[in-house]
Amino acid sequence: MDWKVLITVFSAVFIAELGDKTQLATMLFAADKEVSKWTVFFGASLALVVATAMGVLAGSFLSTYISERHLHYIAGAGFIAIGVWTLLRA
């Protein structure tokens, strides 16, 4: 296992997920006094695992047709576009 990659991916995803709507939705579900906190935890965890698996599969599939360098450019342009869109809506 490449620990540098593991730590980089963990850090990036952890920071990206803090305070996003997924975390807020999970917090709202957990605030319900009649709901098991473990059920909320496992449901949210399973959703993140499935969404992450879809991302890994999509990345693996795309990498067979598009070079890694071009994927980096596409991802960067996508993040910039989302940032601009967010600024314009603010």
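Just so you know, all these numbers are worked out from the coordinates, no wet-lab data involved. Bear in mind that the values here come from a model prediction, so they are computed numbers and not experimental data. Cβ atoms come from the backbone with ideal geometry, glycine included; neighbour counts cover every protein chain shown.
Taking every DSSP helix (H) stretch of at least 4 residues in the chain, weighting each as -39,500 (n - 2.57) and dividing the sum by the residue count yields a mean residue ellipticity at 222 nm of -28500 deg cm²/dmol. Compute the FRET efficiency between LEU28 and ALA51 as 1/(1 + (r/R0)^6), taking r as their Cβ-Cβ distance and R0 = 25 Å, and round to the nearest 0.05. In this case the efficiency is close to 0.85. The loop-placed GluC sites (Glu not before Pro) in segment 1-78, going by DSSP, that have at most 14 neighbouring Cβ atoms within 10 Å of their Cβ come out as GLU34. Name all residues of segment 41-77 having a backbone nitrogen under 15 Å from the label point set 7 Å from the Cα of LEU87 along its Cα→Cβ direction, giving them as ranges. Only 77 pass the distance filter.
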